[in-house]
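Q: Let me give you the structure first, and then I'll get to my questions.
The values are calculated or read from the model by the stated rules, or taken from the named source; none is laboratory data. The model shown is predicted, which means the values in this text are computed figures rather than measured ones. FYI the Cβ positions are ideal-geometry reconstructions off the backbone, even for glycines, and counts take in every protein chain you see.
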Amino acid sequence: MKKAIFVFTLLCISVNLFSQQLSYQDTIPGTYQSAMIKIAQNYNDASKVIQYKDKEDGLIVLKAAFDFDIPFSWGANKTVDGMIYYSLTITDIGNNQLTIKMNNFEHRSHGSKSFGIITTDEEPNGKTSQTKGWRIKVYNRMKEYSERNYLSVKSMLSDG
């Protein structure tokens with residue numbers, strides 16, 4: 001019995017080791033100062049989302065979230081509606097250029113079906129009572145929302 005538990009534990013660990021967290025990164029036109037201004041203009045309370053800033057190093061780190069809702073007519077259980085939290089790192093690399101990286105996407109529902117960390121895997125790690133097809137459909141929607149939010153933030157921060 002101990003062998004079976006050990007093998008099962010090893011299998012679970014190895015599955016998690018090969019999962020890659022969803023992450024986006026680009027270089028865009030902009031400066032530390034322009035990024036700070038745009039953050040202040042576009043986030044409801046910039047002081048709550050900015051976790052770290054260092055003008056000298058040209059570094060800004062944000063932790064924020066966006067809404068995640070599944071249309072009821074889509075047939076999904078409304079218990080997955082909630083928020084997707086993320087980290088955003090902005091680095092001024094000089095020559096009017098910023099690198100931006102958005103990662104650490106994590107789904108937290110208002111109900112009982114949080115999917116947790118969003119990875120590049122086809123299906124989420126967390127299992128629910130719904131069918132595998134339903135879980136994959138919802139998980140893909142989370143990835144679409146995450147990418148759409150990243151592109152929106154990228155556009156907002158870009159000077160070009």
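Q: Within the range 111-147, work out how many residues are basic (Lys, Arg) and in contact with a strand residue (DSSP E or B) (Cβ under 9 Å, 6 or more places away or on another chain).
A: Of the residues in the range 111-147, 3 are basic (Lys, Arg) and in contact with a strand residue (DSSP E or B) (Cβ under 9 Å, 6 or more places away or on another chain).
Q: Still on this model: Kindly list, by first and then second residue, each pair from a residue in the range 131-160 that is outside any helix (DSSP H, G or I) to a residue that is among the polar types (S, T, N, Q), limited to pairs with Cβ atoms under 6 Å and residues at least 6 apart or on different chains.
A: The qualifying pairs are Asp159/Ser34.
Q: Follow-up. Test Ala46 against the criterion of being modelled with pLDDT under 95, within 19 Å of the chain's Cα centre (by Cα) and of a type in the set (Gly, Ala, Ser), and give yes or no.
A: When the stated conditions are applied, Ala46 passes them.
Q: Residues of the range 91-121 being under 15 Å from the mean Cα position of the chain (by Cα) and among the β-branched types (Val, Ile, Thr), which ones?
A: Within the range 91-121, Ile100, Ile117, Ile118, Thr119, Thr120 qualify.
Q: Sticking with this structure for a sec: May I ask you to list the residues in the range 77-112 that are without any contact (Cβ under 8 Å) to a residue 24 or more places away in the chain and at negative phi?
A: Across the range 77-112, the qualifying residues are Tyr85, Glu106.
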